[in-house]
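What follows is one structure encoded as structure tokens, with my remarks underneath.
The values are calculated or read from the model by the stated rules, or taken from the named source; none is laboratory data. The model shown is predicted, which means the values in this text are computed figures rather than measured ones. Here the Cβ is made from the backbone with ideal geometry for all residues, glycine too, and neighbour counts use every protein chain on show. Side chains are part of the model used for accessible areas, which takes the heavy atoms of the whole protein and leaves out ligands, DNA and RNA. Shrake-Rupley method; radii C 1.70, N 1.55, O 1.52, S 1.80 Å.
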Amino acid sequence: MWIYLNDRFVTEQEAVVSVFDHGFLYGDGVYETIRSYGSRIFMRDQHLARLRRSAEGIGLAIPIPEQQWPALLHEAMEKNVVGQDHRDAYLRITISRGPGDIGLDPSLCPTATVVIMTKPLQPPPPEQYKTGVSLIVANTRRNLPSALSPQIKATNFLNNILAKREAIAAGAFDSILLNWESQLTECTVSNIFFVLAGRLCTPSLDCGLLDGITRDLLLGLARDAQIPVSEGHFGVESLHQADECFLTNTTMEVMPVTRVDGHPVGKGTPGPITQQLHGQFIANRARFLEP
Ligand code: PDD
């Protein structure tokens with residue numbers, strides 16, 4: 001595998017970062033996960049814009065000019081022979097504060113570290129879309145947004161990792177994190193939606209969750225289909241009353257959830273609105289690919 005590191009492509013063995021990198025020492029960095037369908041990158045500009053916002057959120061200058069990113073991402077795909085017909089690509093951009101002496105002051109690190117990894121996208125197994133997945137409600141709460149904004153997609157992912165550990169220990173697919181007021185926020189790497197009496201509901205951004213690119217797209221598709229939508233504040237009980245539930249993110253698209261805390265959601269099978277919206281997502285996704 002070829003990795004883009006700072007200013008050139010290197011082999012996996014050469015792709016090493018200093019132990020003084022503040023990404024390693026303090027989790028001081030930001031990242032994005034992107035994908036392609038064939039050779040075309042999905043929601044490219046939205047992901048690059050979010051990367052920029054995350055970097056601005058921590059006062060980190062991205063050393064690569066904006067206009068160079070599209071060609072660089074394609075070069076990274078071509079190097080690893082991904083992002084071609086029938087070989088969708090997974091792309092991960094990581095930008096850390098870079099190497100510097102120990103200490104929190106970012107000015108200790110004059111040069112940010114830039115990494116681009118590409119590999120074949122491993123979509124979830126098709127059975128998972130048929131059976132749906134199980135969630136638990138984590139004891140770990142989502143970070144308080146005034147302490148660490150969930151809009152900063154940071155390389156310090158411990159909040160989510162602790163919730164993921166709980167899911168693994170419980171034998172569940174993933175955890176839902178509640179916020180400081182016991183309202184639903186999101187799962188560890190995805191946004192959550194549910195259907196209550198024909199209405200599509202999802203926690204609003206002020207509950208403290210990442211403004212997911214797939215989430216936003218899904219909300220638009222639901223409105224196009226004239227499905228009533230509520231972005232709001234919801235407790236765990238709304239999930240227990242829900243007829244359907246699903247997760248969204250870049251790699252999973254729309255994943256049905258059929259169990260929460262061991263109880264079936266609705267009939268315990270992927271629901272009709274979930275399937276309709278996933279179908280619409282697939283039918284429309286070409287509109288959201290780069291030219
Ligand atoms: N995760 N919430 C969190 C905490 C996330 O990390 C992600 C993305 C999402 C969904 O965002 P989007 O629809 O833009 O992919 C929601 C990616 C997949 C990751 O961490 O690899």
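Expected output is a single nm value to one decimal: the length gained when fully extending between Gln275 and His86, i.e. 0.36 nm times separation in residues minus the C-alpha distance. What is it? Let's see the in-between values first.
On the way: separation 189, 0.36 × 189 = 68.04 nm, distance 2.33 nm.
So the extension gain works out to 65.7 nm.
Kirkwood Rh, region 65-131, all Cα pairs: how many Å? Numbers along the way, then the final one.
Working: mean 1/r = 0.0685 Å⁻¹.
Hydrodynamic radius (Kirkwood, Cα only) of region 65-131 equals 14.6 Å.
Which helices count as membrane-span-like in the chain under these terms: full DSSP H, at least 27 Å along the axis by C-alpha, Kyte-Doolittle mean of 1.0 or more? Don't skip to the end; give the middle numbers.
Values: long enough: none.
In the chain, no H run is both long and hydrophobic enough.
Could you list which residues have their amide H under 5 Å from that of Val265, counting only those 5 or more apart in sequence or on another chain, with H placed in the peptide plane?
It is Arg259, Val260, by chain and number.
Based solely on its DSSP helices, what 222 nm [θ] is calculated for the chain when runs of n ≥ 4 H residues each add -39,500 (n - 2.57) and the sum is averaged over all residues, nearest 500 deg cm²/dmol?
Working: 8 runs with 79 residues, N = 291.
After summing the helix terms and dividing by residue count, I get -8000 deg cm²/dmol.
Stretched out fully, how many nm does the piece from Glu290 to His240 gain, at 0.36 nm a residue minus the Cα gap? Show your work: numbers first, answer last.
Details: separation 50, 0.36 × 50 = 18.00 nm, distance 3.90 nm.
Between Glu290 and His240, full extension yields an extra 14.1 nm.
If you keep only loop residues by DSSP, which GluC sites (Glu not before Pro) in region 145-186 have at most 15 other Cβ atoms within 10 Å of their Cβ? Mind showing how you got there, number by number?
Numbers: sites: Glu166, Glu181, Glu186; in loops: Glu181.
Here the GluC sites (Glu not before Pro) that fit, given the DSSP loop and packing criteria, are Glu181.
Step through the residues of region 180-196 one at a time and calculate ³J(HN,Hα) from phi using the Karplus curve (6.51 cos²θ - 1.76 cosθ + 1.60, θ = phi - 60°), rounding each to whole Hz and writing x for Gly and Pro.
Coupling constants for region 180-196: 5, 10, 6, 9, 5, 10, 6, 9, 6, 9, 7, 8, 10, 10, 8, 10, 10 Hz.
If you take all C-alpha pairs in region 124-228, what percent of them are over 24 Å apart? Show your work: numbers first, answer last.
Details: 1451 of 5460 pairs.
For region 124-228, the share of Cα pairs beyond 24 Å comes to 27 percent.
Hey, any idea what % of the chain's accessible area is carbon plus sulfur with a 1.4 Å probe?
54
Using the Cα centre of region 63-106 as the reference point, and only Cβ charges (+1 on K/R, -1 on D/E), how large is the resulting charge dipole? Debye, rounded to the nearest 20.
Numbers: 4 positive and 7 negative charges, 22 e Å.
In debye, rounded to 20, region 63-106 gives about 100.
Find which of Pro123, Gly232, Ser54 sits farthest along the positive direction of the dipole of the chain, computed with +1 on the beta-carbon of Lys and Arg, -1 on that of Asp and Glu, about the Cα centre.
Pro123
Give, rounded to the nearest 20 debye, the magnitude of the charge dipole that region 2-120 has about its Cα centre when Lys and Arg contribute +1 at Cβ and Asp and Glu contribute -1 at Cβ.
Values: 12 positive and 15 negative charges, 83 e Å.
Dipole size: approximately 400 debye.
For the chain, give the magnitude of the charge dipole about the Cα centre (Cβ charges: +1 Lys/Arg, -1 Asp/Glu; no others), in debye to the nearest 20.
460
Calculate one ³J(HN,Hα) per residue across region 30-42 by plugging θ = phi - 60° into the Karplus curve 6.51 cos²θ - 1.76 cosθ + 1.60, and present them in order as whole Hz with x for glycine and proline.
After applying 6.51 cos²θ - 1.76 cosθ + 1.60, I find 9, 8, 9, 10, 10, 9, 10, 10, x, 8, 9, 7, 7 Hz.
Based on the Cα gyration tensor of the chain, what are the three equivalent ellipsoid semi-axes, each the root of five times an eigenvalue, rounded to whole Å and given largest first? Don't jump to the answer; show the numbers that get you there.
Numbers: eigenvalues 216, 106, 55 Å².
For the chain, the semi-axes come out at 33, 23, 17 Å.
If you count only protein heavy atoms with a 1.4 Å probe, what accessible area per residue comes out for the chain, rounded to a whole Å²? Show your work: numbers first, answer last.
Values: 13520 Å² over 291 residues.
Per-residue accessible area for the chain comes out at 46 Å².
Work out how much length Glu127 to Thr33 would gain on full extension: take 0.36 nm times their residue separation and subtract the Cα-Cα distance, in nm to one decimal.
Using 0.36 nm per residue and subtracting the Cα-Cα distance, I get 31.5 nm.
Tell me the label-point distance for the pair Tyr26, Asp211, using the 7 Å Cα-to-Cβ offset, in nm and rounded to one decimal.
2.6
Considering the zone a paramagnetic label at Glu78 would reach in this model (a point 7 Å from Cα along the Cα-to-Cβ line), which residues of region 7-26 have amide N under 15 Å from it?
Within reach of a label on Glu78, which here means backbone N under 15 Å from a point 7 Å along Cα→Cβ, region 7-26 contributes 9.
List the residues of region 204-229 whose backbone N lies under 19 Å from a point placed 7 Å from the Cα of Ala283 along the Cα-to-Cβ direction.
So the set is 217-229.
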